[in-house]
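Remarks on the structure that follows.
The values are calculated or read from the model by the stated rules, or taken from the named source; none is laboratory data. Computed from a prediction, not measured in an experiment: that's the story for all the values here. Neighbour counts are summed over all protein chains in view; Cβ atoms, including those assigned to glycine, are modelled from backbone coordinates with ideal geometry. For the accessible areas, the whole protein counts, side chains as well, though only heavy atoms, and no ligand, DNA or RNA atoms are used. Shrake-Rupley method; radii C 1.70, N 1.55, O 1.52, S 1.80 Å.
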Amino acid sequence: ATLRAYLEGNPTSNITYIGKLSRTHYLALLGAADIGLISTTPHLTVPTFPSKSIDYFRTRLPIFAAVERAGDYGYILENDIGGGLAAPAEDREQMAAKLTQLVTDAALRARCAEAGHAYYANHLTADKALENLDKLL
């Protein structure tokens, strides 16, 4: 509701609030995106792994994440997976710098997209989840 209220009070020509989408429409819309955006909140408990990451990795979208400082998702995204860039949500300068880097560097976006997809293929598919459950049992 906050985004909708902001857009109603500050109309723009390049952002349209379209409300809730069906899963089919959401996945189709991802095909038109260049970067997947994630924003976590300071009220989340650690550890956290936003579920949108899976869709972004699966569809080869590099991620820009605005994250809470206490969490580990940003570190994991950048350093363990390589699927995108992250910055603390309260650090506007760092957010702007990293988002600008991702927007302007096509090679970086491609590397992040491929790294995220490889992570998805190696760890997050249904077959991999079943394989990991079998190992635990």
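Here are a few things to note about the model shown:
- Computed in the context of the full set of protein chains, the accessible area of region 68-137 at 1.4 Å probe radius has 54% of its extent on carbon or sulfur.
- Placing +1 on the Cβ of every Lys and Arg and -1 on the Cβ of every Asp and Glu, with nothing else charged, gives the chain a dipole about its Cα centre of roughly 360 debye.
- Between the listed residues Phe57, Ser22, Thr12, the Cα displaced farthest toward the positive end of the dipole of the chain, a dipole computed from Cβ unit charges relative to the Cα centre, is found at Ser22.
- Considering only Ile63, Ile35, Ile15, the Gaussian network model of the chain with Cα springs below 10 Å gives its largest mean-square fluctuation to Ile15.
- Region 8-110 shape via C-alpha gyration tensor axes, a/c threshold 1.5: rounded
- Protection proxy ranking of 22-30, 111-119 - average other beta-carbon atoms within 10 Å, highest first: 111-119, 22-30
- Peptides 126-134, 74-82, 50-58 ranked from most to least packed, by the mean per-residue count of other Cβ atoms within 10 Å: 50-58, 74-82, 126-134.
- Global form of region 60-119, assessed from the alpha-carbon gyration tensor, a/c cut-off 1.5: oblate
- Prolate/oblate/rounded label for region 1-62 (Cα gyration tensor, a/c 1.5): oblate
- Each Lys or Arg adds one and each Asp or Glu takes one away; over the other residues whose Cβ falls under 15 Å from the Cβ of Leu21, this sums to +3.
- Helix-only arithmetic for the chain: the sum of -39500 (n - 2.57) across DSSP H runs with n ≥ 4, divided by the residue total, places the mean residue ellipticity at 222 nm at -13000 deg cm²/dmol.
- Of Ala32, Ala106, Ala86, the one that fluctuates the most in a GNM where the chain has Cα springs shorter than 10 Å: Ala32
- Computed on protein heavy atoms with a 1.4 Å probe, the accessible areas place Leu21, Leu3 in the order Leu3, Leu21, largest first.
- Around Arg111: net Lys/Arg minus Asp/Glu count, Cβ-Cβ under 13 Å: -1
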